[in-house]
1. For Val89 and Ser55, FRET efficiency with R0 = 30 Å and r from the beta-carbon atoms, rounded to 0.05?
2. D for segment 19-122, whole µm²/s, Stokes-Einstein with Kirkwood Rh over alpha-carbon pairs at 37 °C and 0.692 mPa s: what number?
3. Please order Asp103, Asp111 by the number of other Cβ within 10 Å, starting at the fewest.
4. Mind sorting Tyr80, Tyr49, Tyr72 by how few other Cβ atoms lie within 10 Å of their own Cβ, fewest first?
5. What size of dipole, in debye to the nearest 20, comes out for segment 19-122 about its Cα centre when the only charges are +1 on Lys and Arg C-beta atoms and -1 on Asp and Glu C-beta atoms?
6. By count of other Cβ within 10 Å, fewest leading, how are Thr95, Thr104, Thr60 ordered?
7. How much FRET efficiency would the formula 1/(1 + (r/R0)^6) give for Ser43 and Glu65, where r is the Cβ-Cβ distance and R0 is 22 Å, rounded to 0.05?
8. Please turn the phi angles of segment 25-33 into ³J(HN,Hα) values with the Karplus equation 6.51 cos²θ - 1.76 cosθ + 1.60 (θ = phi - 60°), one per residue in order, whole Hz, x for glycine and proline.
Amino acid sequence: MKRRIILLLLLLAGCSGSTPSAGPAISFDEASGVITINPAVDSKQKISYGFSLGSVTVETLGHKEGELLFEYTHEVEGGYTVYLCRVPVTDQPVTIQLPKGGDTEPETSFDLEDCEFVRRGSVFFD
């Protein structure tokens, strides 16, 4: 009886219609300071990483019409800007190199001009 129940559960799990993800939506390599976003993964995930004068926050919002939507927030000394970015799900992973030393601008593999401006503000006055 136990075998039948286990087999039934395994069969139902295999027929759920979900496809396994190809890893996490967002990963971070601490040694190189690189955030990687995998456009193929349809998942909601949010992470933040700080650097000497600010931080970067990335939030994946999921797939829509063949694209991965994600919010990219860049904060320096309390002032932040939020962008809504889109990349095709078939594109190579997106990368963000955190600044080193006294730099304040992360290097991105995507062009912020292609992203939609969402809002600007201050962590001190919002």
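1. Here the calculated transfer efficiency is 0.65.
2. Once the numbers are plugged in, D ends up at 236 µm²/s.
3. Numbers: Asp103 13, Asp111 8.
The order, fewest Cβ neighbours first, is Asp111, Asp103.
4. On the way: Tyr80 19, Tyr49 15, Tyr72 23.
By the 10 Å Cβ count, ascending: Tyr49, Tyr80, Tyr72.
5. 320
6. Thr104, Thr95, Thr60
7. On the way: r = 17 Å, r/R0 = 0.77.
Working from the Cβ atoms, E equals 0.85.
8. 5, 10, 9, 9, 9, 5, 5, 9, x
Throughout, read-outs are computed from the coordinates displayed, never taken from laboratory work. All values reported here derive from a predicted model rather than from experimental measurement. Cβ atoms come from the backbone with ideal geometry, glycine included; neighbour counts cover every protein chain shown.
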